[in-house]
Amino acid sequence: KLKKRSISAMPTIKIDDVEYDVEAGQNLIQAAASVGITIPHYCYHPGLSVSGNCRMCLVEQKGPRGTMATIACNTFVNDGMEFLVDNDNVKKMRQGVMEFLLLNHPIDCPICDQAGECGLQDYYMDYGLYTNRSTVPKVHKAKAVDVGPLVKLDQERCILCSRCVRFCDEITGTNELVITQRGEKSRIETFPGRELDNPYSANVVDICPVGALTSKDFRFKKRVWFLSTTQSICTGCAKGCNTYLDFEQGTTYRYRPRFNAEVNEWWMCDEGRLSYKALHQDRLDIAMQKGAELSLAKAVAAGADLIQRTMQDHGKNAVLAVASSTASLEDNFMLKHLMLQALGSEAVYSHNYDHIGEADAFLRMADKTPNTAGLQLLNISTDKEALESALANPEIKLVISLDADSDALRQQLKNTPVIYLGVHQTALALSADVTLPITAHAEHDACYVNAEQRLQKVNQAYFPTTEARPAWKLISGLFAPLLTAPPLYDDVEDVWSLMNTKVDALSALTFYEIPEGGRSLIPVSEPEAETPSEAEEAVNS
């Protein structure tokens, strides 16, 4: 009889004489990283094809013909392979590569915008020779070249890793960049008559390992070592690209894409990248009553009194709430829940007013709001006609608008009292009977559901510098007088302890258990059991 075969999907390799089980199909850089070993590299990027031109990832591989140098980026691991990645020979090779890369580099770190997150700086500390052996003048190239609307190029700092060229060729397919000339005269340039102008152009700044490609928007605004970083998402469209949010003292300075294989991989669009500016433009930073400034506590009390009086005079059907796909899942849930609990009303509607833009087949979506799918999860109607019909009902005497404003909406509400909760100063915010400022996504812990039904969370980066508070907290204050025993909602987890009992898809889930990469809300069907073939039965017998 045949013996049962043991087939391992995890090849065993040796790195510096230590055995590791690694995932099949990886190159050595990836395999080493998976076991906590860093192999330095410049030209290699996991989202791009292998170029192998920087040679910084040189290691030694043991084989039948002895030990030979090889590049880790283009060496894919198989069972039994042996590598040396940290001996004296490898260090000398890397020192030689660093010396070559720095031969014509301007060494202008004090004035370079990449200082603090530069691969040359980092690896120089481990593999620098520290003594300049060159006796000839450096080759000078163009500086501060305007290559596109968002990007500047310093050719002297470029190490010709070709990441940016491969990005434009392989990811966007727009082919704006090219390496021209030969030898020491080689440089990155745009094709004649063209500029780096595609919807994803600023990604070349993220993947540039040195200070050659820099962002016009961020350039010379802040040294990176002053910045703190939190994991967040882009709220510029329904894709919900994962981001790093870099900030200092209550001010956001930039977004950078954060890897998520299920959403945006390593990239984000320029439109979303610049959407951080909305966090500080035209912010609604004070509470108001009919346009006059009021303390937040008094404004909440005035709004609560307006709801009570409307109920007493006209009944529960006189109050209507407008939810919003720009607001978080927690905000919209609390609005719907308290409308039902406090008023016994299900009159909660929404529509994506004035938030439709351009889309493409990569990341950008036409819906420029982050949470339309969240409204659908909460069974809040997003039908425009349903909302317009409800607003036209003469019985409606008060509307609570959660960050929803448009010309059409204001036209329908011109003779109706309004309580407005919003992030920005809009026309409705200035004209509403009661206006309450709410936090933006950088200022609170909250969740959003993207167009692919993925639940994703944002982490609070900093506290608001104004009276703005999370909308769910202000909404609970508005309805508290109508409840016999109003619950105390102090933390987002308090909202989740209620929400996960009311929404089946969120059952038994808590906010702090949501992975940083999000969680799909699409039910997973169990795979059908496979019937073993005759050959498999023979092998296993």
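For n ≥ 4 DSSP H runs only, could you compute -39500 (n - 2.57) per run for the chain, divide by its residues and tell me the 222 nm figure to the nearest 500? Intermediate results must be reported in sequence, preceding the final value.
On the way: 15 runs with 129 residues, N = 541.
Taken over the chain, the calculation gives -6500 deg cm²/dmol.
Tell me which lysines have Cα within less than 19 Å of residue 91's Cα, excluding those fewer than 8 residues away on the same chain?
Here the lysines satisfying the reach criterion relative to residue 91 are 14, 62.
Ranked highest first by the average count of other Cβ atoms within 10 Å around their residues, in what order do 280-288, 445-453, 314-322 fall? Write out the running numbers ahead of the final one.
Details: 280-288: 17.0, 445-453: 21.9, 314-322: 19.8.
Descending packing order for the listed peptides: 445-453, 314-322, 280-288.
Starting from the Cα-Cα distance between residue 500 and residue 9, subtract it from 0.36 nm times their residue separation and give me the gain in nm to one decimal. Don't skip to the answer; put the middle values down first.
Details: separation 491, 0.36 × 491 = 176.76 nm, distance 3.83 nm.
Additional length available on full extension: 172.9 nm.
Could you provide, to the nearest whole Å², the per residue accessible area of the chain with probe 1.4 Å? Please report the intermediate quantities before stating the final value.
Numbers: 25860 Å² over 541 residues.
Value for the chain: 48 Å² per residue.
Taking 25 °C and 0.890 mPa s as the conditions, I'd like the Stokes-Einstein D for the chain in µm²/s, using the Kirkwood hydrodynamic radius from alpha carbon pairs.
Numbers: Rh = 26.9 Å.
Value of D from the Cα-based Kirkwood radius: 91 µm²/s.
Enumerate the calculated ³J(HN,Hα) couplings along the range 455-463 in order (Karplus 6.51 cos²θ - 1.76 cosθ + 1.60, θ = phi - 60°), each rounded to whole Hz, writing x wherever the residue is Gly or Pro.
Each residue of the range 455-463 in turn: 7, 10, 10, 10, 9, 4, 8, 7, 7 Hz.
Please label the shape of the range 206-289 as rounded, prolate or oblate, based on the square roots a ≥ b ≥ c of the eigenvalues of the alpha-carbon gyration tensor (a/c under 1.5 means rounded; beyond that, a/b larger than b/c means prolate, else oblate). Display every interim value, and only then the final one.
Working: a/c = 2.05, a/b = 1.28, b/c = 1.60.
Oblate.
Hey, any idea what % of the chain's accessible area is carbon plus sulfur with a 1.4 Å probe? Each step should come with its number before you reach the end.
Working: 12910 of 25860 Å².
Carbon with sulfur: 50 percent of the solvent-accessible area.
If 479, 463 are ordered by their accessible area, calculated over protein heavy atoms with a 1.4 Å probe, which sequence runs from highest to lowest?
On the way: 479 0, 463 155 Å².
If we order 479, 463 from most to least accessible, we get 463, 479.
Please compute, for the alpha-carbon atoms of the range 347-469, the extent along each of the three principal axes and give them in descending order in Å.
So the extents along the principal axes, rounded to whole Å, are 43, 36, 25.
Extending each Cα 7 Å along its Cβ direction at residue 382 and residue 356, get the distance between those two points in nm, one decimal.
1.3 nm
Heavy-atom accessible area of residue 220 with all protein chains present, probe 1.4 Å, nearest 10 Å²?
Accessible surface of residue 220 is approximately 130 Å².
Spin-label point model (7 Å from Cα, Cβ direction): what's the residue 185 to residue 414 distance in nm?
Simple spin-label model gives 7.0 nm for this pair.
Cα centroid distance between the range 138-166 and the range 44-83, in Å?
If you average the Cα positions of each part, the centres end up 28 Å apart.
Please compute the length gained on full extension between residue 35 and residue 65, using 0.36 nm multiplied by the number of residues separating them and subtracting their Cα-Cα distance.
8.1 nm
When the chain is fully extended, how far beyond the present Cα-Cα distance does residue 144 get from residue 226, taking 0.36 nm per residue of separation?
Numbers: separation 82, 0.36 × 82 = 29.52 nm, distance 2.41 nm.
Working it through step by step, the gained length comes to 27.1 nm.
What fraction of the Cα pairs in the range 1-130, stated in percent, has a spacing above 26 angstrom? Please report the intermediate quantities before stating the final value.
On the way: 2533 of 8385 pairs.
The proportion of pairs with Cα distances above 26 Å equals 30 percent.
Mind listing the phi-derived Karplus ³J(HN,Hα) values for the range 320-333, rounded to whole Hz, using 6.51, -1.76 and 1.60 with θ = phi - 60°, and x for any glycine or proline?
10, 10, 10, 7, 8, 7, 8, 8, 6, 4, 5, 5, 5, 4
The values are calculated or read from the model by the stated rules, or taken from the named source; none is laboratory data. These numbers were taken from a predicted model, which means no experiment stands behind them. When we count neighbours, we look across all protein chains shown, and the Cβ atoms used for this are built from the backbone with ideal geometry, even at glycine. Keep in mind that these areas ignore ligands, DNA and RNA; they rest on the heavy atoms of the full protein, side chains included. Shrake-Rupley method; radii C 1.70, N 1.55, O 1.52, S 1.80 Å.
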